[in-house]
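Working notes, structure below.
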Amino acid sequence: MDYTISIPFKGSVNSAMEAARSYFMASGFKLDQPRENELIALGQRMYSTKQGPISGVSRARISVSSNSIEISAELGGVKFMKQFLYLFPPALAGFLALIFIFIPGVPGYAPLIAALPVLPWVVLSPLMAGWIRNRTIQALDTLAHNMAGTMKS
C-alpha cells in the first residue's frame, strides 16, 4: 500500500463503517465488505485535477476495531497523473519538433523552438504531482478523522 493511516477510535464500529461507505459510494467507488468491520473500496482512474481528491485512490482497505481505525490505500490515480505530467509535455514537444522538421521552408532551428513551451513543465510537473498526492492524502486523513468522530454507541 502507498499510504496508511491508523488513528485511535472509541465509538460505534457500525457508524464509522457507514461513514466510510457513504463517502466512497458518493465518490463512485465500487465497494466490497468481506467482514463487518472491513471495507474494500475500488476506484477508477484519476484523469483530471478537477476530480475530487479521493479519486487519487485506486484501492483502499478500511478496517475498524473497537480501539482504532486503519486506512490503507493504493494511490493508483496519483501515479497515473504523475506519469502523465512527466511524459505528456516532452512527448508533445517531440511531436511538434517532428512536424517542423518535415515542413518545407521552415528554418532549421524551428524544432528547437518546439521545446520552449516544455521548459516550465520541468518545474511544474513535480510540483503538481506532489500537490495531487498531498490532496489525496489529506482526503484520506479527513475521512479517518470524520469516521472517528461518528456517534458513540
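Where a number appears in this text, it was derived from the coordinates with a stated rule and is not lab data. It should be emphasised that the depicted structure is a prediction, and the values quoted were computed from it without experimental measurement. As a convention, Cβ positions derive from the backbone with ideal geometry for all residues, glycine included, and neighbour counts pool all protein chains shown.
Applying the criteria of a DSSP loop state and at most 15 other Cβ atoms within 10 Å to the GluC sites (Glu not before Pro) of the range 1-75 yields Glu36.
Placing pseudo-labels 7 Å out from each Cα toward the beta carbon at Arg135 and Gln83 gives an inter-label distance of 2.0 nm.
Can you tell me the orientation of helix 13-26 relative to the chain, as the angle in degrees between its alpha-carbon axis and the longest Cα principal axis, to the nearest 10? Approximately 30 degrees, to the nearest 10. In plain terms, if you count all Cα to Cα distances in the chain and split them into 5 Å steps from zero, the share in each step is 2, 10, 16, 16, 13, 10, 8, 6, 5, 5, 4, 3, 2, 1, 0, 0 percent. Between Arg59 and Gly43, Glu74, Gly76, the built amide H atoms are under 5 Å apart, and every one of these is 5 or more places off in sequence or on another chain. Between 0 and 90 degrees, the angle of helix 76-102 with respect to the longest Cα principal axis of the chain falls at about 10 degrees.
Given a Förster distance of 41 Å, report the FRET efficiency between Asp32 and Leu92 from their Cβ-Cβ distance, rounded to the nearest 0.05. Result of the calculation: an efficiency of 0.55. In order along the range 37-53, the phi-based Karplus estimate (6.51 cos²θ - 1.76 cosθ + 1.60, θ = phi - 60°) of 3J(HN,Hα) comes to 10, 9, 9, 10, 10, 10, x, 9, 5, 8, 10, 7, 6, 7, 6, x, x Hz; Gly and Pro are listed as x.
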